[in-house]
1. What's the ranking of 103-111, 126-134, 20-28 by average number of surrounding C-beta atoms within 10 Å, highest first?
2. Take ASP8 and ARG108, extend 7 Å from each Cα along the Cα→Cβ direction, and tell me the distance between the two endpoints in nm.
3. Restricting to Cα pairs below 8 Å that are 6+ residues apart, what does the relative contact order work out to for segment 80-156? Please round to a whole percent.
4. For MET124 and ALA79 in the same chain, what is the full-extension length gain: residue separation times 0.36 nm, less their Cα-Cα distance, in nm?
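Values in this text are rule-based calculations from the coordinates and carry no lab data. Keep in mind it's a predicted model, so treat the numbers as computed, not measured. All Cβ positions, glycine included, derive from the backbone under ideal geometry; neighbour counts span all protein chains shown.
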Amino acid sequence: MEIKDIRDLILTIDKTSIQQVEIEKGDIKIKINKGLMNEGGGKAAVFEEIGVEGIEVLSAAVKAEDELPRQVEIEKSDATYIMKSPMVGTFYSKASPDSTPFVKAGDRVEKGQTLCIIEAMKMMNEIKSEVSGVVVEIMCEDEDILQYGQSIMRIRR
């Protein structure tokens, strides 16, 4: 497993409420625990165990404030509406992998039009627009794990 794969795993886990994960692949075992603290005071850490007679090697200790992308807060105005996730789940921009996205940046949407799907507990929930306007920005990508209240897209009224 490469460092890039471990970093992607850390970023994915950080977007969820999961506190600890253990993954075994061959002779490599990865443990991620959001509750651990490193010496710098930030959250840490990934420990990688290699099956060489129980020797543990610290593969990467990541300070949350250094590695994780910062969310940019967008100023709200009367002209811009931020569509937020009404539930925790997985974001999908299209109905199936082969189909076209429901909306793209620059598309005009009407109130009640389907914008995306959020999968929660194996149920596909169509998320409909609460306003009419033009999609300015889509703030997540397919298969992103969304939290309740997380920004999905900006719509200019």
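1. 126-134, 103-111, 20-28
2. Modelled inter-label distance: 3.9 nm.
3. Relative contact order here is 43 percent.
4. Values: separation 45, 0.36 × 45 = 16.20 nm, distance 3.02 nm.
The MET124-ALA79 span can extend by a further 13.2 nm.
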